[in-house]
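One structure is given here, and the rest of the page talks about it.
The values are calculated or read from the model by the stated rules, or taken from the named source; none is laboratory data. Computed from a prediction, not measured in an experiment: that's the story for all the values here. Glycine also receives a Cβ, built like all others from the backbone with ideal geometry; neighbour counts cover every protein chain displayed.
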Amino acid sequence: MKIAIIGGGAAGIIAAITAKRLNRDLQVDIFDANKSIGKKILASGNGRCNISNTIISSKNYLGENPTFVDFALKEFDFKAFLKFCKSIGLLL
């Protein structure tokens, strides 16, 4: 089976890694407008690669319904993110 992920930013890269972990037989291709994936991540945080905060909640989001992120933050909080990063060799 083949899947394509459009966008090689943080979300696209995590989606690709997760998909491959769930099914090793998948062929996963990431397509991005930049020449290399993850390029914008390096520029975040004034060049220090600031990719997350240790404390975050729906209060940090604006919009008509900022609580839409509650489920995602409950399922994938900072501890889960830190564990994922360590599992791919990315030390924060």
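Taking the options Asp32, Asp25, Asp70, Asp77, name whichever one is under 21 Å from Ile3 (Cα atoms) and surrounded by 10 or more Cβ atoms within 10 Å (Cβ to Cβ). Write out each step before concluding.
Details: Asp25 fails: surrounded by 10 or more Cβ atoms within 10 Å (Cβ to Cβ); Asp70 fails: under 21 Å from Ile3 (Cα atoms); Asp77 fails: under 21 Å from Ile3 (Cα atoms).
Selected residue: Asp32, the only one of Asp32, Asp25, Asp70, Asp77 that is under 21 Å from Ile3 (Cα atoms) and surrounded by 10 or more Cβ atoms within 10 Å (Cβ to Cβ).
Give me the residue from the stretch 37-49 that is under 16 Å from the mean Cα position of the chain (by Cα) and over 18 Å from Phe84 (Cβ atoms) and, out of that set, modelled with the highest pLDDT. Please lay out each step first, then the result.
Keep residues of the stretch 37-49 that are under 16 Å from the mean Cα position of the chain (by Cα), which gives 37-45, 49.
From what is left, the residues that are over 18 Å from Phe84 (Cβ atoms) are 39-40, 42-43, 45.
Values: Lys39: 82, Lys40: 78, Leu42: 75, Ala43: 74, Gly45: 69.
By that ranking, first place goes to Lys39.
Does Lys35 satisfy the condition of being outside any loop (DSSP other than H, G, I, E, B) and not aromatic (Phe, Trp, Tyr)?
Spelling it out, it is not the case that Lys35 is outside any loop (DSSP other than H, G, I, E, B) and not aromatic (Phe, Trp, Tyr).
Go through the stretch 49-92 residue by residue and tally those that are aromatic (Phe, Trp, Tyr) and more than 16 Å from Ile13 (Cβ to Cβ). Show your work before the answer.
Quick first cut of the stretch 49-92, residues aromatic (Phe, Trp, Tyr) only: 61, 68, 71, 76, 78, 81, 84.
Okay, now just the ones that are also more than 16 Å from Ile13 (Cβ to Cβ), so 61, 68, 71, 78.
Final tally of qualifying residues: 4.
List the residue pairs whose Cβ atoms are under 6 Å apart, where the first residue sits in the stretch 63-92 and is part of a helix (DSSP H, G or I), the second is of a type outside the set (Ser, Thr, Tyr) and modelled with pLDDT of 90 or more, and the two are 6 or more positions apart or on different chains.
That search, which allows pairs on different chains as well, returns nothing.
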